[in-house]
Amino acid sequence: SVERKEKLCSISFDAAWGNEDTQHLIDILAKYNVKTTFFVVGDWVDKYPESVKALHDAGHEVMSHSDHHDHYNSLSTSQIVADIQASCDKIEAVTGCCPTLIRCPYGEYDDRVIKTVREAGYEVIQWNIDTVDWKPERSAQTILDTVLPKLSDGSIILCHNNGYKIEQYLPTLIESALAQGYSFVTVSDLLLDGETLIDVNGVQKPAQ
């Protein structure tokens, strides 16, 4: 998450597998004029370039979620760099914009992975609120009951583009957050400028 004094937060989507709901998500987000960040896998870009372009054209950020969704902790430093570059090249070819952020597959990383990604010129983005919407047994209400009480300034929410119940829970999540005075921005807009640090809890803060 990000240390913000304003009531700002970000919805982020990981896109690695299916594509059935992408246009529905674009429509829902457009209804509320909410801009979000989609972390897409290079293989997904290969399969669904028209959806990647649609996301970009709708004003959403399209960032990297790796090229093949491999475990980065198991890859060599050079393999990680090549993987990120391949995914970003695919995204840039479709959107015209080169990603600056990456979400590691499985949310998995260690100090070596972070160092490698940063030296390659990217920043690793995690989350502090997980919808766990990849589990089919979770109802829309269960997801909302999990997410809404945890919402705070600077939160980054993890969703999936083909998450179960997403068409049911997403409008209510947005409406509830807006009613509490929150505004949604892309992850890039949520991040702080200038010299920053990330504390042991994964919160980005101004450098002291």
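Summary of values
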item	result
Matching residues, segment 141-171, being over 17 Å from residue 184 (Cβ atoms), in contact (Cβ under 8 Å) with a residue 40 or more places away in the chain and more than 17 Å from the chain's Cα centre (by Cα)	167
Hits in segment 78-104 - residues which are in contact with a Phe, Trp or Tyr (Cβ under 8 Å, 6 or more places away or on another chain) and open to solvent by 30 Å² or more (accessible area, probe 1.4 Å)	100
Test: residue 138 is charged (D, E, K, R) and over 17 Å from the mean Cα position of the chain (by Cα)	yes
Listing of helices (runs of 4 or more DSSP H) fully contained in segment 125-208 that carry 2 or more residues being loosely packed, with under 14 Cβ neighbours inside 10 Å and at negative phi	140-147, 166-179
Some residue of segment 130-148 being at pLDDT 95 or above, over 29 Å from residue 175 (Cα atoms) and small (Gly, Ala, Ser)	no
Pairs with Cβ under 9 Å, 6+ apart, first in segment 51-69 and closer than 10 Å to residue 41 by Cα, second assigned to a loop (DSSP other than H, G, I, E, B) and of a type in the set (Lys, Arg)	63/103; 64/103; 65/103; 66/103
Residue in segment 105-116 that is surrounded by 15 or more Cβ atoms within 10 Å (Cβ to Cβ) and under 25 Å from residue 170 (Cβ atoms) present	yes
The lone exception for residue 48 - which of (1) within 21 Å of residue 164 (Cα to Cα); (2) open to solvent by less than 20 Å² (accessible area, probe 1.4 Å) it fails	(2)
Selection within segment 168-198 - closer than 15 Å to residue 29 by Cβ and at pLDDT below 95	none
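The values are calculated or read from the model by the stated rules, or taken from the named source; none is laboratory data. Quick caveat, the model's predicted, so the values are computed rather than measured. Neighbour counts are summed over all protein chains in view; Cβ atoms, including those assigned to glycine, are modelled from backbone coordinates with ideal geometry. The accessibility values were calculated without ligands, DNA or RNA, using every heavy atom of the protein model including side chains. Shrake-Rupley method; radii C 1.70, N 1.55, O 1.52, S 1.80 Å.
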